[in-house]
Amino acid sequence: MVRIPSSVRRFARSFADNGHELYLVGGAVRDLFLGKRVEDFDFATDALPDTVRSIFRRVIPTGIRHGTVTVLFEGNSFEVTTYRSDGDYSDSRRPDTVSFAPSIREDLARRDFTMNAIALDPRSMDVVDPYQGREAISQGRIVAVGDAAIRFAEDALRMVRAVRFAAQLRFDLDTATQAAILPLAERILAVARERLNREYAKIMESERPSVAWRLMRETGLLPVVAPELDVEDDLFEHLLATCDCVPAGNAPLRWAALLHDVGKPECARIVDGRMTFHDHDRVSARRAEDFLDRYRFSKAERERIVHLVRNHMFGYSPEWSDAAVRRFLHRLGRDAVEDVIALRIADACGKGATLRMTENLRSLKKRVDEVLGQGQPLTVSDLAITGTDLMTEIGLSPGPRIGILLHQLLETCLDDPTQNERGRLLAIAGAFARETWGGSAE
Ligand code: ATP
Ligand code: MG
């Protein structure tokens, strides 16, 4: 039996006291029937937004054009939408108009999948389920409300929502629902990329993103939304396996895993009878960047992911000196090094490597942690002196020589961290400046 927080019941009572209906709808009802924890409660009501605003003290007009307000109630924020039926969809995007509807049944009819088209009265616990959504939930099936082709043509985003839900809930696509996608896949181009990005984010948060990406391919969506991922079977499966090997919760790393080899096809060459993929890290980074740009990832996310893809091909052997470990850290940056190693471990796992086969990488991780723990200088800003010191103590003028010298000093400290001491660095800097630029320090 589903359980509903008492604040939700009191919330519904406030509507009833004012002569209005209130139903719990959408993902909340679905997740209650699935026995999952529900955090976002969405409601539908026959009350108009202005009426809702008059009943409660604290109401935020979050989507007033679509009839949605957010009510702050007993510490919750509840989204309440007036029963709606959507007008015409002229371009596979969003309805041209929305109009308020008289009953919950009409409101349910505009919803995408039967599992999302169930309403629950929080007081009586009566269920309105005109499309057998509970049955679909118990069978683990994603079924379009009504004619799938019509519903996908109305709003093409629903096709990607279908594959997203498949990964998120580990449900299967109903045969007719899945079959409707292929002929309409191109229409996904009409959908705003930001909306697609939000679905992708949910795919990447799911336990196994591969479920969604594989379905994207089977339904013909993949070549339209992500041609760079539409590579030959073996490579495609390797990208998916690598992505799944990264635990949920680190989205940038999962994106890097999914994209890390997308440049391989264009780099394939046969050299001395062997297949090689020279430069594929660089080309993959470029392709990854195209994809991330297209889907409006933030600059910070994009740079992080591209950096990981770009650097996934380092070689490590236990013979590396500590200085080599420090140089590696310097090259990749403190913030990225852990993910770069994790990406390589996932890459190996995506090729079927065992834990023992990734021992080498895990020993590198240990050495990296040791170096990080010792607080040794890894960047110019870790040095015991600054550019200003070089000007005041050695008499350099502002200009590129300052940067050159600081990098020279960092090189010295990467080799031997004990050199990172003000007096020593000034002495080394002075000698270097004299040797390189002669008597004049200018
Ligand atoms: P999640 O757990 O990801 O929030 P959700 O089902 O709540 O899943 P939302 O995007 O929050 O998904 O949408 C809430 C509800 O609104 C859905 O359950 C569905 O009934 C309806 N809905 C959302 N997007 C669409 C759409 N594009 N077409 C039709 N109905 C939609
Ligand atoms: Mg939701």
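The values are calculated or read from the model by the stated rules, or taken from the named source; none is laboratory data. Nothing here was measured: the structure is a model prediction, and the numbers come from that model. Note: ideal-geometry Cβ built from the backbone for every residue, glycine included; neighbour counts use all protein chains shown. These area figures cover heavy atoms from the full protein model, side chains too; ligands, DNA and RNA do not enter into them. Shrake-Rupley method; radii C 1.70, N 1.55, O 1.52, S 1.80 Å.
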**Report entry** the chain: angle of helix 334-349 to the longest principal axis, Cα-based, in degrees nearest 10
**Finding:** 70 degrees
Query raised in the report: Under the classification rounded if a/c is under 1.5, otherwise prolate if a/b is larger than b/c and oblate if not, where does the stretch 140-225 fall, given a ≥ b ≥ c as square roots of the Cα gyration tensor eigenvalues?
Result: oblate
Requested in this report: On a 0 to 90° scale, report how tilted helix 359-373 is relative to the longest principal axis of the chain, with both axes built from alpha carbons and the result rounded to the nearest 10.
Outcome: 70 degrees
Report summary line: the stretch 1-138 accessible area per residue, 1.4 Å probe, protein heavy atoms, integer Å², reads 51 Å²
Report task. Give the angle, between 0 and 90 degrees and rounded to the nearest 10, that separates the Cα long axis of helix 157-169 from the longest principal axis of the Cα atoms of the chain. Result -> 80 degrees
Requested in this report: List the relative contact order of the chain as a percent without decimals, with contacts defined as Cα pairs under 8 Å and 6+ residues apart.
Outcome: 8 percent
Report summary line: Output row, site THR386, 7 Å Cα→C-beta label point, backbone N cut-off 18 Å, window the stretch 397-411, residues 397-407, 409-410
Query raised in the report: How much of the accessible area of the stretch 380-437, probe 1.4 Å, is carbon plus sulfur, in whole percent?
Result: 54 percent
Query raised in the report: Can you pull the percent of the stretch 198-275's accessible area that's carbon plus sulfur, 1.4 Å probe, other chains left in place?
Result: 50 percent
Report summary line: Descending packing, highest mean Cβ count within 10 Å first, for 98-107, 368-377 is 98-107, 368-377
Query - Potential lengthening between HIS278 and ARG334 on full extension [0.36 nm per residue; Cα-Cα distance subtracted] - result: 17.5 nm
Report task. Kindly point out, ordered by number, any Cys in the chain whose beta-carbon has no other cysteine beta-carbon under 4.7 Å away. Result -> CYS243, CYS267, CYS413
Requested in this report: Write down the accessible area per residue of the stretch 380-437 in Å², having rolled a 1.4 Å probe over the full set of protein chains.
Outcome: 51 Å²
Requested in this report: Quantify, in whole percent, the carbon and sulfur part of the accessible surface of the stretch 1-139 (1.4 Å probe; protein heavy atoms only).
Outcome: 41 percent
Query raised in the report: Of LYS36/LYS365; LYS36/LYS366; LYS202/LYS351; LYS202/LYS264; LYS36/LYS299, which sit over 31 Å apart, Cα to Cα?
Result: LYS36/LYS365; LYS36/LYS366; LYS36/LYS299
Query raised in the report: Using a Gaussian network model of the chain with C-alpha springs under 10 Å, which one of ASP382, ASP293, ASP121 is most mobile by mean-square fluctuation?
Result: ASP382
Query - Cα shape, the stretch 380-437, gyration tensor, a/c 1.5 rule - result: prolate
Query raised in the report: Which of these, GLY395, GLY352, GLY333, has the largest mean-square fluctuation under a Gaussian network model of the chain (Cα springs below 10 Å)?
Result: GLY395
Report task. Give me the accessible area per residue for the stretch 215-351, probe 1.4 Å, as a whole number in Å². Result -> 45 Å²
Requested in this report: Find, among the GluC sites (Glu not before Pro) in the stretch 272-322, those assigned to loop by DSSP (not H, G, I, E, B) with at most 13 other beta-carbon atoms within 10 angstrom.
Outcome: GLU319
Report summary line: Quick shape check on the stretch 245-376: root eigenvalues a ≥ b ≥ c of the Cα gyration tensor, a/c under 1.5 is rounded, otherwise prolate if a/b tops b/c, else oblate, and it reads oblate
**Report entry** For peptides 156-164, 180-188, 397-405, sequence by mean Cβ density within 10 Å, most packed first
**Finding:** 156-164, 180-188, 397-405
Query raised in the report: Order of 199-205, 320-326 by packing, highest average Cβ count within 10 Å first?
Result: 199-205, 320-326
Query raised in the report: For the chain, what does -39500 (n - 2.57) per DSSP helix run (n ≥ 4), summed and divided by total residues, give at 222 nm, in deg cm²/dmol to the nearest 500?
Result: -15000 deg cm²/dmol
